[in-house]
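Notes follow once the structure below has been shown.
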Amino acid sequence: MNDKSKYIVTSLQEKFIELFDVNPFLFYAPGRINLIGEHTDYNNGFVLPAAIDKAVYVAISERKDDLIVLYSVEFGENFYFALSDIHPVKNSWINYVLGVVAQLQNRNYLLRGFNLMLDGDIPIGAGLSSSAAVECATIYALNELFQFNIDKIEMVKMAQKAEHEYAGVKCGIMDQFASMMGKENHVIKLDCQTLEYEYVPLQLEGYKIVLMDTQVKHSLASSEYNTRRNECNEGVKMIQQKYSNLESLRDADINMIDEILIKDSKVYMRCKYVVEEIQRLKDACESLKQNDLKAFGQKMFATHDGLSELYEVSCSELDFLADSCKKEEAVIGARMMGGGFGGCVIALIKDECVDDIIQRISISYQQTYAHEMKTYITELKDGASAIKN
Ligand code: GLA
């Protein structure tokens, strides 16, 4: 843990003791990046995410009654819920905790009352999956506290379901998987159809992963996300009329798309992007194996173009940053990351040029949009875990 995380954990523990008068158990679950393979998870394709050095930290203790008491350091307010009356509420972060509680209850895990306090350093709305981190930290903590002995992959699935049912976003499995299963200095090549996965060492000799945060999150993000999912399903149904064995876009190829879908319709564009992106990820993994980071980076640029022009989930700010990166020789790859409509661009930048490039792009971003961009230089870390105290 770095000094900043240690500080967050120590003060979380102190606050917990102050409020609940008992020493808590401590857990964390990280945010994630994704190198390539965007909007492919819910199409049964592959993704290449990793857990990062920013996380949600949870302090937890059992209670003697049947209440859940929740407290977020950031928002500074207590919330009380009876275990017998768990339902979605309007307030966002609480839903990620309650959604997990509901999943456990649905599967008949016997929960008792608990106090849960959380804090963290994953910027909210930056597309680094702070919500998945809250879900994963919560389920990990409850599993340990009540010794349910739930398998990690099962917890991933429950955390994803919590997001579907309590936040209303029909997300794929990538974010929760990365937050739970991440491994230091490795990316995860995850097959979202079978959930088979492989840890691939990421040797970035001479390069850094830099996240450029637009600091915008356009409000249509979650509704458009669900719309994209529906458009892909529509495409699948149309293709199935001729190719009845096809289960998802994972099984489609570009010839089927061209043959069956109406050129330049939305469904055509969405499906074309997905099929191309699944192939692009496979090619990118080959480039990684051959240690050809430049070829890998080229595919990231191509992904951005696809997300922007065919999948239409980018926005002016993201395009601006991706374009600015493309103009820099020392940036070998860059693209918007995550669901879209705001959040971060992920870029691979030559070590010695990182500061200069960030400075140049920050200035032109500020001049164009009259607000700041933020940057995070990222390291790959382990997934959810207990913190010894
Ligand atoms: C969000 C979702 C993920 C994934 C990405 C896009 O982060 O939660 O499941 O679909 O968008 O790749």
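The values are calculated or read from the model by the stated rules, or taken from the named source; none is laboratory data. Note that this is a predicted model, so its numbers are computed, not measured. Backbone-built Cβ (ideal geometry, glycine too); neighbour counts: all protein chains shown. Just so you know, the surface numbers come from the protein's heavy atoms only, side chains and all, with ligands and any DNA or RNA stripped out. Shrake-Rupley method; radii C 1.70, N 1.55, O 1.52, S 1.80 Å.
Convex hull volume of the Cα atoms of the chain, normalised per residue: 141 Å³. With protein chains left intact and a 1.4 Å probe, residues in the chain average 43 Å² of accessible area per residue.
Give a quick list of GluC sites (Glu not before Pro) in the stretch 122-197 that DSSP marks as loop, anything other than H, G, I, E or B, with at most 11 other Cβ atoms within 10 Å. If you can, show how the numbers build up before the last one.
Working: sites: E135, E144, E154, E163, E165, E184, E196; in loops: E184, E196.
Loop-located and lightly packed - E196.
Were the residues from K152 through R107 laid out at 0.36 nm apart, the gain over their Cα-Cα distance would be 14.7 nm. For the set K15, K326, solvent exposure ranked by accessible area (probe 1.4 Å, protein chains only) runs largest to smallest as K326, K15. Look at the dipole of the chain built from charges on Cβ: of S324, N108, Y365, the Cα furthest out on the positive end belongs to N108.
Which trypsin sites (Lys or Arg not before Pro) in the stretch 220-298 pass both tests, a DSSP loop state and at most 10 other beta-carbon atoms within 10 Å? Please list the in-between numbers first.
Details: sites: R228, R229, K237, K242, R250, K263, K266, R270, K272, R280, K282, K289, K294; in loops: K242, K263.
Those satisfying the criteria are K242, K263.
Given +1 at the Cβ of Lys and Arg, -1 at the Cβ of Asp and Glu and no other charges, the dipole of the stretch 254-389 around its Cα centre is 320 debye to the nearest 20.
The Cα atoms of the stretch 199-351 give a gyration tensor whose axes a ≥ b ≥ c have a/c of 1.5 or more with a/b no greater than b/c, which makes the shape oblate. Mind checking which of T194, A384, G45 is farthest towards the positive end of the chain's charge dipole, using Cβ charges of +1 (Lys, Arg) and -1 (Asp, Glu) about the Cα centre? Checked the options; the winner is T194.
Rounded to the nearest 20 debye, the dipole magnitude of the chain is 440 debye, with +1 charges on Lys and Arg beta carbons, -1 on Asp and Glu beta carbons, and the Cα centre as origin. Cα gyration tensor of the stretch 3-144, axes a ≥ b ≥ c as square roots of the eigenvalues: rounded (a/c below 1.5), prolate (a/b > b/c) or oblate? Oblate, since a/c reaches 1.5 and b/c is not below a/b.
Here the accessible area is traced with a 1.4 Å probe on the protein chains. For the stretch 336-382, carbon and sulfur cover 45 percent of it. Once the Cα-Cα distance is subtracted from the 0.36 nm per residue extended length, the F25 to E286 segment shows a gain of 89.7 nm.
How would you order 49-62, 70-83 from highest to lowest mean count of nearby Cβ atoms within 10 Å? Please report the intermediate quantities before stating the final value.
On the way: 49-62: 25.0, 70-83: 14.5.
Those peptides, ordered most packed to least, come out 49-62, 70-83.
Working from Cα pairs under 8 Å separated by at least six residues, relative contact order for the chain is 23 percent.
Let me check against my output: what whole-number percent is the relative contact order of the stretch 1-121, with C-alpha pairs under 8 Å and at least 6 apart? Could you put the intermediate results ahead of the total?
Numbers: 185 pairs, mean separation 34.4, N = 121.
Relative contact order comes out at 28 percent.
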